Amino acid sequence: MTGVKGVLFDLDGTLLDHRGAADGAIVSWVSARAPGHPRLGEVAALWAELEGPYLAMWQRGECSVQEQRRLRLSALCAELAVPEPGDLDAAYADFTGRYRRGWAAFPDAAEAVKKLGGFALGVLTNGAQPVQEEKVRAIGLGGLVGPVLTGEVLGGHFKPSPSSYTRAAAALGLAPEEVVLVGDDVVNDVTGPAAAGMRSVWLDRLGVQRPPAGFPRITSLTGLARLVGDLGQHGVL
């Protein structure tokens with residue numbers, strides 16, 4: 001089996017604590033508009049549930065990035081019976097500002113990336129290109145993790161489309177079988193790349209999910225370099 005020469009990182013939930021930042025931001029946003037709301041404890045989970053469907057609409061080309069943001073915010077307001085803002089774009093910008101202030105790398109991210117200096121590196125993520133690039137810079141990984149690759153620069157191919165993985169590998173100058181993807185989403189970062197001939201390492205930070213069979217599983221990025229090094233030398237899991 002071909003040895004690994006490159007590593008692709010997922011971004012949100014892998015290098016950046018997206019959930020922590022998003023949860024804090026949306027709870028703060030709702031609290032500012034509906035102080036003492038009886039369902040405030042549910043807000044973070046509701047916002048997370050709405051994320052996937054509306055992002056998928058954008059990725060399928062059914063709406064613009066800005067339109068999916070308006071729809072998602074409108075849906076949250078309707079669910080909570082909070083008056084919808086007259087200017088949804090301004091309201092979302094308020095949320096975004098709160099979200100950006102919460103951006104932080106996971107404590108193990110920078111060291112793990114630095115230890116992989118001998119490999120071709122990149123980030124493969126499904127977010128909007130400018131925002132994802134901004135995130136990488138904001139958490140101190142600009143210039144360390146290689147190119148930031150989203151569906152917007154991969155011909156409209158988002159994870160888990162097989163073409164997203166093959167095109168991302170090509171962006172590193174490698175074949176899919178020479179690359180390993182590290183990420184926290186089972187479909188996008190584990191089984192998806194496997195279907196395209198790319199190996200993967202599942203990052204299960206909470207350590208509570210049932211692992212898919214046949215894939216390496218880690219609970220932090222500590223020790224990733226050793227695992228990837230073994231793949232690079234021997235080409236086996």
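The values are calculated or read from the model by the stated rules, or taken from the named source; none is laboratory data. Keep in mind that what you see is a predicted model, and the values were worked out from it rather than measured. Note that each Cβ is placed from the backbone with ideal geometry, even for glycine, and that neighbours are counted across all protein chains shown. All accessible areas refer to the heavy atoms of the entire protein, side chains included, with ligands and DNA or RNA removed. Shrake-Rupley method; radii C 1.70, N 1.55, O 1.52, S 1.80 Å.
Quick notes on this structure:
- Output for the stretch 15-42, where each listed residue is in contact with a Phe, Trp or Tyr (Cβ under 8 Å, 6 or more places away or on another chain), open to solvent by less than 40 Å² (accessible area, probe 1.4 Å) and in a loop (DSSP other than H, G, I, E, B): LEU15
- When the criteria are applied in full, GLY146 meets the requirement of being of a type outside the set (A, V, I, L, M), assigned to a loop (DSSP other than H, G, I, E, B), in contact with a strand residue (DSSP E or B) (Cβ under 9 Å, 6 or more places away or on another chain) and open to solvent by 10 Å² or more (accessible area, probe 1.4 Å).
- Here PRO130 clears all of (1) in contact (Cβ under 8 Å) with a residue 60 or more places away in the chain; (2) open to solvent by 60 Å² or more (accessible area, probe 1.4 Å) except the condition numbered (1).
- Scan the stretch 43-55 for residues that are open to solvent by 30 Å² or more (accessible area, probe 1.4 Å) and of a type outside the set (Asp, Glu) and the total you get is 7.
- Residue in the stretch 152-210 that is modelled with the highest pLDDT, counting only those that are of a type in the set (Lys, Arg) and farther than 19 Å from ALA128 by Cα: ARG199
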